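The values are calculated or read from the model by the stated rules, or taken from the named source; none is laboratory data. On a predicted model such as this, the values are computed, not experimentally measured, just so you know. Quick reminder, even Gly has a Cβ in these numbers, built from the backbone with ideal geometry, and neighbours come from all protein chains shown. The area values use the complete protein model at the heavy-atom level, side chains included, leaving out ligands, DNA and RNA. Shrake-Rupley method; radii C 1.70, N 1.55, O 1.52, S 1.80 Å.
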Amino acid sequence: MLDSLSQRLSKIVKVMRGQARLTEENTRDMLREIRLALLEADVALPVVREVLARIKEKAMGEEVIGNLNPGQALVGVVQRELTAIMGGDLSRDEREINLRVQPPAVILLAGLQGAGKTTTAGKLAKHLIETQKKKVLTVSCDIYRPAAIEQLKTVTAQAGAEWYPSHTGEKPLDIAAGAVDYARRHFFDVLIVDTAGRLAIDEAMMTEVADLHKFLSPAETLFVIDAMLGQDAVNTAKSFHERLPLTGVILTKTDGDSRGGAALSVRHVTGKPIKFVGSGEKLDGFDAFDPEAMASRIIG
Ligand code: GDP
């Protein structure tokens, strides 16, 4: 069983008790424990380094040792820093879906195969219908997997949205053009575009989704990423961030037993807000991202 960050910090604080101030040595010990705990929570190494630098600076400036409960004070510093890095200062508006464009507002979903894009398309449609009374159309540009197109049809019906048919023989750009045209003619507020994903990053997939982006000029380009991806989250996020002007992130499968390190990594790499988290296969498992709750989960 791995020690959580709070357990690690209480151990260190016990050693530090009786010491009047933060010394180079006890600071080093403390940072080492935080480093290990973050790595165990699957935060990627380059991200851990930056987080540590920020925590070190903040911890030195705070009355950690002089505090009646130095352990709690230290956990507080870490908690606040992690929350800030994950977008704690962003307004609710910045985390909502941007629909302030000429309708239909296009939302492009991108990510690896299995990340949860199609499920997320259904969840997002339901969210926009229920919370904002929007008229939502969905379309799949995944011409490689007929099952993916069928799956989108199913979740769209569950969400109470409308599904625009597409077929494996068509080209993604033609499908997109047809869906936009249909959405305009039938006064849809939102068009959610599901795209093909591969099991690993490949050039053809990136070009395809980049072309779709160019054609659609989406109001939102959301990167969908599996919270269970762990250390791999950094490289995956990097590849998508380099090829697509992302506007936000949706973190899926937060019902799994991951400690949440992927959230920190993806935010660090893309600099974009994590807007929503998905949990479970049912469409109601969809919530606004809560940086503070995610920081607590990482700390353990
Ligand atoms: P896509 O290939 O990116 O479109 O991914 P899918 O939406 O098809 O999801 C892949 C698998 O993960 C499916 O079996 C989904 O039911 C499942 N899934 C999607 N989102 C979640 C989630 O938040 N939690 C859990 N436990 N499973 C999910």
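Close contacts from the range 134-153, counting a first residue that is within 12 Å of the ligand (Cβ to nearest atom) and modelled with pLDDT of 95 or more and a second that is assigned to a loop (DSSP other than H, G, I, E, B) and of a type in the set (Val, Ile, Thr), with Cβ to Cβ under 6 Å and a gap of 6+ residues or different chains, come to 141/195. Within the range 85-113, the residues that satisfy the criterion of being assigned to a loop (DSSP other than H, G, I, E, B), closer than 17 Å to residue 212 by Cβ and open to solvent by less than 30 Å² (accessible area, probe 1.4 Å) are 104, 111, 112. Every condition in (1) farther than 26 Å from residue 245 by Cβ; (2) more than 16 Å from the ligand (Cβ to nearest atom); (3) open to solvent by less than 20 Å² (accessible area, probe 1.4 Å) holds for residue 167 except the one numbered (3).
Consider residue 290 carefully, then state whether it is surrounded by fewer than 23 Cβ atoms within 10 Å (Cβ to Cβ) and touching a strand residue (DSSP E or B) at 6+ places or on another chain (Cβ under 9 Å). Please lay out each step first, then the result.
Details: surrounded by fewer than 23 Cβ atoms within 10 Å (Cβ to Cβ): yes; touching a strand residue (DSSP E or B) at 6+ places or on another chain (Cβ under 9 Å): yes.
So residue 290 passes the test.
Considering the range 165-257, the qualifying strands (runs of 3 or more DSSP E), each wholly inside and each with 2 or more residues that are of a type in the set (A, V, I, L, M, F, W, C) and more than 26 Å from residue 38 (Cα to Cα), run over 190-194. Scanning the range 249-268 for residues that are within 16 Å of the ligand (Cβ to nearest atom), touching a residue at least 60 places away in the same chain (Cβ under 8 Å) and within 12 Å of the chain's Cα centre (by Cα) gives 250, 252, 253, 260, 262, 263.
Within the range 190-201, the set of residues being more than 15 Å from the ligand (Cβ to nearest atom) and either touching a Ser or Thr at 6+ places or on another chain (Cβ under 7 Å) or farther than 21 Å from residue 252 by Cα (or both) comprises 190 only. In the range 239-248, the residue that is nearest to residue 282 (Cα to Cα) out of those that are more than 14 Å from the ligand (Cβ to nearest atom) and not polar (S, T, N, Q) is 248. Within the range 114-127, if we keep just the residues that are within 20 Å of residue 210 (Cβ to Cβ) and among the hydrophobic types (A, V, I, L, M, F, W, C), the residue that is surrounded by the most Cβ atoms within 10 Å (Cβ to Cβ) turns out to be 121.
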